[in-house]
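Taking it in order: structure first as structure tokens, then the write-up.
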Amino acid sequence: MYGIPNMKLDKEKIVNRRRDLMEAEGIKFVTNTEIGTDLSVKQIVEENEALVLCIGATKGRDLKIEGRELDGVHFAMDFLHANTKSLLDSRHKDGKFISAKDKHVIVIGGGDTGTDCVGTSMRHGCKSLTQFEIMGRPPDERATHNPWPQWPVVYKLDYGQAEAKEHFGDDPRNYLISTLKFVGDENGRLRELHTVEVEWVMTDNGPTFRQLPGTEKIWPADLVLLALGFLGPEDTILEELNVARDSRSNAKAEYGEFTTDVEGVFAAGDARRGQSLVVWAI
């Protein structure tokens with residue numbers, strides 16, 4: 001409902017319709033209730049015969065560098081969630097969202113979430129838009145080690161980058177770049193960030209990147225959005241139930257069975273398989 005921007009997934013025609021169908025089938029939705037804070041998950045287990053954990057995998061990967069605490073550095077999902085909720089509640093009149101209007105915006109991360117941050121910032125009316133990607137630019141055509149039917153790893157413009165290119169004149173993405181630190185003003189407000197270019201090298205422990213001396217750069221920034229991927233489900237519920245985890249910190253449950261190691265507790269969706277696209281949920 002909130003994590004995906006409205007222009008990408010219509011809430012009235014698609015999400016609300018699906019919710020209304022489920023409600024008509026007899027499902028009861030309890031809103032404004034945080035499990036683990038407002039209500040104990042153990043209480044739910046005691047009062048019901050089965051519990052299915054479909055809590056997603058929303059724990060964002062952080063960038064713990066100098067200046068991370070500055071006002072103006074946010075997780076992408078905090079930005080996207082607040083934006084959509086304010087839009088649906090009041091058409092942004094309540095002001096309960098992080099605005100990119102007239103700001104130099106930098107999105108760190110090149111995936112779908114980063115693209116949604118680009119598209120949303122464009123709609124706010126940002127002053128400039130830049131996107132950082134630590135990987136290299138994909139080739140224009142398939143590499144020999146990426147044959148069909150594998151997913152084609154090739155350069156493309158998603159909707160957000162296409163809109164930014166149309167408005168600002170160029171693809172906003174910068175490849176092979178690493179952020180060193182955030183710098184703020186005397187009031188603790190983000191003012192700029194510092195980067196360095198990198199190259200990828202192969203070591204005995206696998207691929208890693210190294211910084212290229214002399215490529216440091218300072219970028220003006222009023223708003224930084226961290227879209228660096230996800231680390232798995234939030235811990236509160238899984239820890240309270242003492243559910244076993246897999247190597248990626250997801251709830252451990254075999255596909256097809258969906259049973260966890262806790263009696264009567266099941267896991268499905270991103271909480272079990274890891275963060276993915278909404279099409280899997282549908």
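What about T179, is it open to solvent by less than 30 Å² (accessible area, probe 1.4 Å), closer than 26 Å to F209 by Cα, touching a His at 6+ places or on another chain (Cβ under 8 Å) and not in a loop (DSSP other than H, G, I, E, B)?
yes
Here G110 meets each of (1) at negative phi; (2) at pLDDT 95 or above with one exception, condition (2).
Among the residues of the range 178-207, those that are more than 18 Å from H74 (Cβ to Cβ), at pLDDT 95 or above and among the polar types (S, T, N, Q) comprise S178, T195. Inside the range 117-155, residues that are out of contact with any Pro (no Cβ under 6 Å at 6 or more places or on another chain) and part of a loop (DSSP other than H, G, I, E, B) make up a count of 21. Counting only strands (runs of 3 or more DSSP E) that fall entirely inside the range 184-282 and contain at least 2 residues that are open to solvent by less than 50 Å² (accessible area, probe 1.4 Å) and touching a residue at least 24 places away in the same chain (Cβ under 8 Å), the qualifying elements are 190-203, 223-226, 265-267. For the range 156-167, the set of residues classified as open to solvent by less than 60 Å² (accessible area, probe 1.4 Å) and part of a loop (DSSP other than H, G, I, E, B) consists of D158 only. Among all positions in the range 132-143, there is at least one residue which is among the β-branched types (V, I, T) and open to solvent by 30 Å² or more (accessible area, probe 1.4 Å). Of the residues in the range 205-214, at least one is hydrophobic (A, V, I, L, M, F, W, C) and under 30 Å from M122 (Cβ atoms). Of the residues that make up the range 53-65, is at least one within 27 Å of E263 (Cα to Cα) and at pLDDT 95 or above? Yes, that holds for at least one residue. Of the residues making up the range 1-13, those that are part of a helix (DSSP H, G or I) and open to solvent by less than 70 Å² (accessible area, probe 1.4 Å) number 1.
The values are calculated or read from the model by the stated rules, or taken from the named source; none is laboratory data. All of these numbers come straight from a predicted model, not from anything done at the bench. Cβ atoms come from the backbone with ideal geometry, glycine included; neighbour counts cover every protein chain shown. The accessibility values were calculated without ligands, DNA or RNA, using every heavy atom of the protein model including side chains. Shrake-Rupley method; radii C 1.70, N 1.55, O 1.52, S 1.80 Å.
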